[in-house]
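Contents: one structure, followed by commentary.
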Amino acid sequence: MTSASTAPHITVRAAPAVGPLSSFATSTPSIMSASTETHGRPLMRTDTVTASTPAPSTWRFIVRSTPSSRGGLRKLGTTSPAARATSPSDRAAAANRSEEASMAAMMPERCDSPCPCPNRSVRCNEMTDAETPLNPAQQEVLDLLGAAHEDRPSFPPTLKATLRADLEDALADLASEISPDAPLFVNKHDLSMVHGCELRHLAEKETPFEWSPPLARGTIAHKAIELSMHQRRRPIPLELVDEAMDRLERSDDSISGWLATCSETDRAELRAFANERVATFLECFPPIKPGWSPVTEARMRLELLERRIVISGRSDLTLGRADGLIAGKVIIDFKTGSMSPSHLDDLRLYSLLETMRIGTPPRLAASYYLDAGVAQAEAITEGVLHSAVARTADGIRKLHELSVGTRAPVVRPSWGCRWCPIRTTCVQGMAHLGELDEENERFDED
């Protein structure tokens with residue numbers, strides 16, 4: 001309350017008398033001072049002051065008070081924002097007082113950190129682990145993937161050269177059959193298929209690729225999870241899914257055309273599936289910290305025999321990094337389906353490519369299953385890498401021989417027959433699917 005007797009600088013402009021009053025309701029400028037009145041309409045605020053003569057009610061007075069310092073920025077005449085800000089007034093500088101608050105205090109129902117801030121006066125990036133407790137599922141993943149520095153293995157500096165020599169020696173006879181101008185490109189899917197049913201591999205190579213909801217939903221979920229790791233605020237699953245779909249639709253990837261023309265029903269189904277997977281990931285995977293050196297969609301490439309053979313890969317997420325010859329990186333692949341032995345082989349290939357890139361292998365490779373919210377990991381050793389070399393060399397040889405027609409395709413029926421483009425004409429595949437259906441019926445009856 002401001003007393004009239006203690007505010008001699010207040011000048012009464014208008015006093016609409018309605019009766020003897022005990023206090024005055026006054027209006028004073030809240031933002032613009034008298035010195036800036038000519039540049040705009042002054043904003044007023046209402047204060048109540050006590051009258052010198054007590055009265056039973058109140059009068060409302062329109063008054064003007066001049067603040068002790070000018071408001072706004074000092075150099076009003078210049079058009080340069082930087083120049084106007086060179087000499088801020090006390091009132092403008094008051095917003096930069098020493099008590100700092102996160103911008104999250106101005107953002108309802110969300111924050112600029114992956115976890116809610118119980119104390120908005122503390123910067124979100126200064127929150128400690130004690131303030132962001134992990135649930136049991138998150139702690140389990142953290143315990144599996146983490147390791148103390150003294151527990152991390154070291155490798156010899158000659159390992160990279162040894163692995164390359166072994167791989168090129170195993171494929172040396174193909175150098176005369178493959179031209180550097182038409183190299184053989186190989187990825188994890190090619191190796192997985194050729195080590196499975198070779199007939200299905202050839203059938204898929206001859207069948208034009210077409211996007212479908214089952215194929216697109218995994219891609220969208222992966223993209224949404226990638227976006228969640230680089231946001232400064234708490235991720236919201238459905239917003240991430242919508243942003244992922246929008247970005248993929250505007251990208252140069254082949255999925256963009258399918259997303260632009262798919263039905264609203266397919267689009268709704270995609271959103272629902274991807275939202276479920278992203279929500280599960282955020283609930284079960286520990287929040288990623290910048291200090292973990294996270295990298296999403298890390299690309300790897302290996303050229304052999306003077307670029308006659310090119311092996312490429314792209315891991316979903318890597319955490320940590322090597323410290324010289326001491327392994328520290330963890331390679332993680334996200335899976336939206338059920339567990340498969342081929343997933344372990346994929347991770348071994350990534351580990352081999354990573355070793356050939358920097359010379360130090362990753363410490364761990366893991367598949368994280370979004371449906372189950374669990375991770376399966378394998379420690380990377382020299383034995384694992386030499387096993388990956390043998391499998392990769394064998395797969396590359398089969399791929400080349402099948403492509404030039406010097407090898408008859410081997411049929412290996414499996415659960416993958418359900419998605420084979422020639423399943424209706426493959427006798428072995430149909431018989432295997434019939435056996436699987438009978439087993440499922442017996443399981444349902446039990």
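Would you mind stating whether THR207 is over 29 Å from PRO361 (Cα atoms), of a type in the set (Ser, Thr, Tyr) and either loosely packed, with under 14 Cβ neighbours inside 10 Å or assigned by the TED database to the domain that holds ARG391 (or both)? Yes. Which residue out of LEU202, LEU167 is closer than 30 Å to ARG391 by Cα, hydrophobic (A, V, I, L, M, F, W, C) and assigned by the TED database to the domain that holds MET356? Of the residues listed, the single one that is closer than 30 Å to ARG391 by Cα, hydrophobic (A, V, I, L, M, F, W, C) and assigned by the TED database to the domain that holds MET356 is LEU167. Residues in segment 370-394 that are of a type outside the set (Gly, Ala, Ser) and either buried (at least 17 other Cβ atoms within 10 Å of the Cβ) or touching a helix residue (DSSP H, G or I) at 6+ places or on another chain (Cβ under 6 Å) (or both): LEU370, ILE380, VAL384, LEU385, VAL389, THR392. Note on segment 392-415: residues that are at pLDDT below 95 and touching a Ser or Thr at 6+ places or on another chain (Cβ under 9 Å) amount to 1.
For segment 286-300, the count of residues that are over 13 Å from PRO213 (Cα atoms), at pLDDT 95 or above, over 22 Å from the mean Cα position of the chain (by Cα) and crowded, with 16+ Cβ neighbours inside 10 Å is zero. Only one entry of VAL374, VAL389 meets the criterion of being more than 25 Å from PHE209 (Cα to Cα), modelled with pLDDT under 95, among the hydrophobic types (A, V, I, L, M, F, W, C) and in the same structural domain as VAL186 (by the TED database), and that entry is VAL374.
Looking across segment 395-406, the residues that are touching a residue at least 12 places away in the same chain (Cβ under 8 Å) and surrounded by 15 or more Cβ atoms within 10 Å (Cβ to Cβ) come down to GLY395, ILE396, ARG397, LYS398, LEU399, HIS400, LEU402.
Here is a yes/no grid of residues against (1) out of contact with any Asp or Glu (no Cβ under 8 Å at 6 or more places or on another chain); (2) of a type outside the set (S, T, N, Q); (3) free of Cβ contacts under 8 Å to residues at least 40 places away in the same chain:
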{"residue": "ASP173", "(1), (2), (3)": "yes, yes, yes"}
{"residue": "SER176", "(1), (2), (3)": "yes, no, yes"}
{"residue": "ASP181", "(1), (2), (3)": "yes, yes, yes"}
{"residue": "LEU184", "(1), (2), (3)": "yes, yes, no"}
{"residue": "HIS189", "(1), (2), (3)": "yes, yes, yes"}
{"residue": "VAL194", "(1), (2), (3)": "yes, yes, no"}
{"residue": "CYS197", "(1), (2), (3)": "yes, yes, no"}
{"residue": "ARG200", "(1), (2), (3)": "yes, yes, no"}
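Within segment 119-141, the presence of at least one residue that is under 27 Å from SER387 (Cβ atoms) and either at pLDDT 50 or above or surrounded by 12 or more Cβ atoms within 10 Å (Cβ to Cβ) (or both) is confirmed.
To keep it simple, each residue is scored yes or no on (1) farther than 22 Å from SER192 by Cβ; (2) surrounded by 18 or more Cβ atoms within 10 Å (Cβ to Cβ); (3) modelled with pLDDT of 95 or more; (4) not small (Gly, Ala, Ser).
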site	(1), (2), (3), (4)
LEU304	no, yes, yes, yes
SER312	no, no, yes, no
ALA327	yes, yes, yes, no
PHE334	no, yes, no, yes
SER338	no, no, no, no
GLY359	yes, yes, yes, no
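The sole residue among ARG234, ARG299, ARG277, ARG250 that is within 30 Å of GLY395 (Cβ to Cβ) and out of contact with any strand residue (DSSP E or B) (no Cβ under 8 Å at 6 or more places or on another chain) is ARG277.
Output the residues belonging to segment 407-427 that are in a helix (DSSP H, G or I) and closer than 16 Å to MET193 by Cβ. Scanning segment 407-427 gives TRP415, GLY416, CYS417, ARG418, TRP419. Could you please find all residues in segment 171-220 being assigned to a helix (DSSP H, G or I), within 33 Å of the chain's Cα centre (by Cα) and of a type in the set (Gly, Ala, Ser)? Of everything in segment 171-220, those that are assigned to a helix (DSSP H, G or I), within 33 Å of the chain's Cα centre (by Cα) and of a type in the set (Gly, Ala, Ser) turn out to be SER192, ALA216, GLY218. In this entry, LEU317 is excluded by the filter for residues that are outside any strand (DSSP E or B) and among the aliphatic types (A, V, I, L, M).
Tell me, yes or no, whether segment 274-294 has at least one residue that is in a loop (DSSP other than H, G, I, E, B), free of Cβ contacts under 8 Å to residues at least 40 places away in the same chain and not small (Gly, Ala, Ser). Yes, segment 274-294 has at least one match. If you go through segment 320-361 and keep only what is closer than 13 Å to GLN376 by Cα and in a strand (DSSP E or B), you end up with VAL330, ILE331, ILE332, ASP333, PHE334, LYS335.
Count of segment 191-205 residues, restricted to those that are charged (D, E, K, R) and farther than 16 Å from THR424 by Cα, is 2.
The values are calculated or read from the model by the stated rules, or taken from the named source; none is laboratory data. As the structure is a computational prediction, the values presented were derived from the model and not from experiment. Here the Cβ is made from the backbone with ideal geometry for all residues, glycine too, and neighbour counts use every protein chain on show.
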